[in-house]
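All remarks here apply to the structure that follows.
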Amino acid sequence: LDGTGPRQKLKHIFLVGERGTGKELLARAIHNWSARSSENFRVVNLGAINKELAPSEIFGSKKGSFTGSVGDRPGYIEDAVRGTLFLDELDEADDNTQALLKRVVQFGTYNAVGSPDELSCDVRFVAATNRVSGADGFIKPDLRDRFLEVRVPPLRDRKGDIRPLAEF
C-alpha cells in the first residue's frame, strides 16, 4: 500500500476515531512498517495552524508571496518527500486548503504559494480526524474519497491498549 515497489499502488490512509485513541501512534506505525520507514515522518496539526497561513506551511512559499515573506520557504510536503506526511485534524482545514490538498493527494502535484511552477512529490499522506459522527460535513467528500478510511475503535472497546498508551 505504500507505493514504493514497481507493482504497488500508493494508498493514502484516513484514520477516524475519538480523541485519545492513538491515531498519531497508528500513523507512525504505518510509516514504520512501510518501505518508506527510512525517510521522514512529518506531522502537521491543521487545528493549530492559522487558516490563512496553512497553504504556505503545507506547500511552502516563495519570497515576497505575502507580507513578511523574506525568503523561499519549504513546506511540510517538501520535508516529507519519499516519506509520510501526517495531516492531523484534517477537518480543521478550511475549504481552500482542502481543495489544494485534494490535488496533491490525487495527482502528487502542487504549487508553492506565490509560484507558478508546478512541483511533483512522492509523499504518502495519512490524515486523521476525531469527528467520528458527521465528519462528512467537515471534510470535502472529494478529498475524503482519495483516502482509504480506517476506523480506530474507542479505547473503551480496547481495554488492553489503555495501559501501553498511558505508559507511552
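The values are calculated or read from the model by the stated rules, or taken from the named source; none is laboratory data. Please read these numbers as outputs of a predicted model, since none were measured by experiment. Methodologically, a virtual Cβ is constructed for each residue, glycine included, from the backbone with ideal geometry; neighbour enumeration extends over all protein chains shown. Heavy atoms of the whole protein, side chains included, go into the accessibility calculation; ligands, DNA and RNA do not. Shrake-Rupley method; radii C 1.70, N 1.55, O 1.52, S 1.80 Å.
Looking at the range 77-168, what helices (runs of 4 or more DSSP H) fall wholly within it and have at least 2 residues that are open to solvent by 60 Å² or more (accessible area, probe 1.4 Å) and either touching a residue at least 12 places away in the same chain (Cβ under 8 Å) or under 14 Å from His12 (Cα atoms) (or both)? Spell out the reasoning first.
Numbers: elements: 95-107, 141-144, 159-167.
By residue number, 95-107.
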Got at least one residue in the range 54-61 being buried (at least 21 other Cβ atoms within 10 Å of the Cβ), of a type in the set (Ser, Thr, Tyr) and out of contact with any His (no Cβ under 8 Å at 6 or more places or on another chain)? yes
Please count how many residues of the range 17-47 are of a type in the set (A, V, I, L, M, F, W, C), open to solvent by 50 Å² or more (accessible area, probe 1.4 Å) and in a helix (DSSP H, G or I). 2
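Based on this model, can you work out whether Leu10 counts as touching a residue at least 60 places away in the same chain (Cβ under 8 Å), within 14 Å of Cys121 (Cβ to Cβ) and either open to solvent by less than 20 Å² (accessible area, probe 1.4 Å) or in a loop (DSSP other than H, G, I, E, B) (or both)?
Working: touching a residue at least 60 places away in the same chain (Cβ under 8 Å): yes; within 14 Å of Cys121 (Cβ to Cβ): yes; either open to solvent by less than 20 Å² (accessible area, probe 1.4 Å) or in a loop (DSSP other than H, G, I, E, B) (or both): yes.
Yes.
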Looking at (1) open to solvent by 10 Å² or more (accessible area, probe 1.4 Å); (2) over 16 Å from Val150 (Cα atoms); (3) of a type outside the set (Gly, Ala, Ser); (4) not in a loop (DSSP other than H, G, I, E, B), which one does Lys51 not meet, given that it meets all the others? (4)
